[in-house]
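Working notes for the structure below.
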C-alpha cells in the first residue's frame, strides 16, 4: 500500500498531484493507471466531466510519463492495449470504431454498433432487403439472415419440400398415384385394370376381339366392307362406382362394296383397349 503523495507529469507539463493515498484504500502498486481515457471494457467512467472531454478519449502522442519523477517505460505495455500503438502516431483510420493493436506496426478496427468493414466505414443495412427465402420468412441476424420456413418446406432458403408433412408418405399405391382430397386425406387413383384402396387388385374387365363384316345402307342399296373389321367388346367387373368400358380407340379407312355395283371408302372407329373407368 502506498502512503505518499502521487505526483504525475505528462510530456514535461504541469505536475498533477493526487494528494495523500492513504485515503484511497484500493490503490496499490498493481492498480492500473489510465491516461487520456478509460476503456469501456473496464466498466468505469472518467472522473472529469468537462465540456472539452472527448467521448473516445485522448487522440495524439505521449512522449513520456513521470510518476514521482520516475520515467515510465512504455515498452512494458501489453500487446493488446486497446487504442494504444507504439511510436508517435495517432490511430485515426477507424472511422466509426476504435483501434486495437496486433503487433508493433499493425492494427485492426473494432467497429461501433451499426458499422462494419475493415475501417468501420460501411453502414450495416437491412440484411433481409434482397433475401432468398423462397417459402419462408427472413430473420435478420446482425449482418446476415436466416430463413424461417413455412410448414412443408425445409432447406437453407426454404426451397425444398419436406416430405415428412406430405400425407401421401403413409399411403402406398401399387398400380396408381396418390392424390389428396379436398379434405386433405390421401387416396389412390388407380391405373386402368386395377382397383382397391392400394390399387393392388387386378380387375376382371377384359376385352374380346370380334371380326365381322360391317353393313351400311346407302339410300336404296346395301353396302358391306370388302373385309372383316376387328372390334373389341368389353366384359367383366370393376370396383364399386366403375364400369368396364373401352378406354382407347383407333380410326381406319375401309372399302365398301354396294349391291348396285357402287363403291366408296369410309373411316370407321374401332376399340382397341378395355378397362375400368367411372360409370357415365
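See the values below:
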item	result
Answer residue from segment 173-192, given it is exposed (fewer than 13 other Cβ atoms within 10 Å of the Cβ) and modelled with pLDDT of 85 or more and is nearest to the chain's Cα centre (by Cα) among those	177
Residue in segment 224-231 that is surrounded by 13 or more Cβ atoms within 10 Å (Cβ to Cβ) and at pLDDT below 90 present	yes
Top-ranked residue of segment 193-217 - restricted to ones that are under 30 Å from residue 254 (Cβ atoms) and surrounded by 16 or more Cβ atoms within 10 Å (Cβ to Cβ), ranked as farthest from the chain's Cα centre (by Cα)	214
Residue in segment 232-280 that is farthest from residue 194 (Cα to Cα), counting only those that are assigned to a loop (DSSP other than H, G, I, E, B) and touching a strand residue (DSSP E or B) at 6+ places or on another chain (Cβ under 6 Å)	260
Segment 118-157 - residue that is under 30 Å from residue 93 (Cα atoms) and in a strand (DSSP E or B) and, of those, nearest to the chain's Cα centre (by Cα)	145
Failed condition for residue 269, given (1) modelled with pLDDT under 90; (2) surrounded by fewer than 16 Cβ atoms within 10 Å (Cβ to Cβ)	(1)
Answer residue from segment 125-171, given it is surrounded by 13 or more Cβ atoms within 10 Å (Cβ to Cβ) and closer than 30 Å to residue 277 by Cβ and is modelled with the highest pLDDT among those	171
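The values are calculated or read from the model by the stated rules, or taken from the named source; none is laboratory data. Please read these numbers as outputs of a predicted model, since none were measured by experiment. As a convention, Cβ positions derive from the backbone with ideal geometry for all residues, glycine included, and neighbour counts pool all protein chains shown.
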